[in-house]
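Since the structure comes first, as structure tokens, the remarks are kept for the end.
Only the coordinates and a few stated rules stand behind these numbers; no lab work does. What you see is a predicted model; the values in this text were computed from it and never measured. Counting neighbours? That spans all protein chains shown, and the Cβs are built from the backbone with ideal geometry, glycine included.
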Amino acid sequence: MAQLQRPAWAYMKGKLVPWDEATLHIGCEAATRGLNVFEGLKGYWQPDGQFKMVMVRKHYDRLRRSARLLHIPCEYSFEQYLAILDQLIGALASPDRDMWARTTLFVTDGHWGENTVSDLVVTAYHQEKTTPSSIQMGVSTWRRSSDVALPARIKTGSNYQASRLARIEGKPLGYADMVLLNQSGRVAEATGSCLLMVRDETVITPPATEGTLESITLDIVESLAQSMKIPFVRRPIDRTELLVADEIGICGTLCEITVATAIQGLSLSEKSPILSAIQDRYLNAVRGINPHPYVELTALRSVKVGG
Ligand code: PMP
């Protein structure tokens, strides 16, 4: 097979630039939605002034699973990874806001799976300490790709092309997020979160085999629901079930638990009592106001009130 050698020059930004200077910013979409695996983690200020990350071990383990599935080497141990988060968030944290950190293992060298080299990049963003506002949602014409095409189980940037198109589709219709169906026309998940539906006082969500990411927040929701004596079931969901559901919401690290007030133009119960109760319980658990045994919070030692 033909091999690609490093050339001396590339054409970029309207001119020839030396190969080593032909760079993109690591935050640009060409990079973040390309050949990489990533995780989004959230950290919250706690009542005692500590700053704690939610389920950091589970995020690290999922990053490694995604990397394994895409044959991307990951040289960092869990302890090294924690130290990186500590260093970056320690430099950025501000006591009035929580933080969301994106950890991306980029492929920086190699071709077609040979001589693959990766680099771990972490970026972190301030987040308001507010309860997520309710949203209107639609059902996209774009679909989650199947497990034999681009498996949803792999948290890679390339998997988010359909999500991006779905958001673009929903925006002019007033939908803040969209449901993606799977290749069989059943509900998979939302563009960057899992779908929760309530029917007859039971919380229902599709299993990962319906084309969803193996969500860490969803497992938390399941545990919280069990403690709250709310029935929780993982089973396939038809599209029409969404249109007759009592409540709909989404869950994920960034959107936490967000309730939908309408789906595809059809209004849902204003109050969403069950999902709102789970939302409250979730926020109280991650903020350490009412800890829950399933929700693991890891303190970052360098992150202190007042920076
Ligand atoms: N599905 C998709 C497509 C996502 O991007 C996310 C966010 N990571 C989720 C589900 C929810 O996963 P988690 O609860 O682990 O954040």
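Answer yes if at least one residue in region 221-232 is within 16 Å of the ligand (Cβ to nearest atom), assigned to a loop (DSSP other than H, G, I, E, B) and surrounded by fewer than 20 Cβ atoms within 10 Å (Cβ to Cβ), and no otherwise.
No; the residues of region 221-232 include none that is within 16 Å of the ligand (Cβ to nearest atom), assigned to a loop (DSSP other than H, G, I, E, B) and surrounded by fewer than 20 Cβ atoms within 10 Å (Cβ to Cβ).
Do the conditions hold for LEU196, that is, is it under 28 Å from ILE26 (Cα atoms), buried (at least 18 other Cβ atoms within 10 Å of the Cβ) and either within 16 Å of the ligand (Cβ to nearest atom) or among the small types (Gly, Ala, Ser) (or both)?
It is false that LEU196 is under 28 Å from ILE26 (Cα atoms), buried (at least 18 other Cβ atoms within 10 Å of the Cβ) and either within 16 Å of the ligand (Cβ to nearest atom) or among the small types (Gly, Ala, Ser) (or both).
Of the conditions (1) outside any strand (DSSP E or B); (2) touching a strand residue (DSSP E or B) at 6+ places or on another chain (Cβ under 7 Å); (3) of a type outside the set (Val, Ile, Thr), CYS251 clears all except one; give me its number.
Unmet condition: (1).
What strands (runs of 3 or more DSSP E) completely inside region 10-54 contain at least 2 residues that are farther than 15 Å from LYS129 by Cα and without any contact (Cβ under 8 Å) to a residue 40 or more places away in the chain? Please lay out each step first, then the result.
Details: elements: 15-18, 36-45, 51-54.
Where strands (runs of 3 or more DSSP E) fall fully within region 10-54 and carry at least 2 residues being farther than 15 Å from LYS129 by Cα and without any contact (Cβ under 8 Å) to a residue 40 or more places away in the chain, they are 15-18.
From ARG33, ARG102, which residue is within 19 Å of HIS126 (Cα to Cα), of a type in the set (D, E, K, R) and surrounded by 16 or more Cβ atoms within 10 Å (Cβ to Cβ)?
The unique qualifying residue is ARG102.
Take the conditions under 23 Å from the mean Cα position of the chain (by Cα), away from the ligand (no atom under 16 Å from the Cβ) and outside any loop (DSSP other than H, G, I, E, B) and apply them to THR261. Does it pass?
yes
Restricting attention to region 105-136, which residues are within 28 Å of SER272 (Cα to Cα), free of Cβ contacts under 8 Å to residues at least 40 places away in the same chain and surrounded by 16 or more Cβ atoms within 10 Å (Cβ to Cβ)?
none
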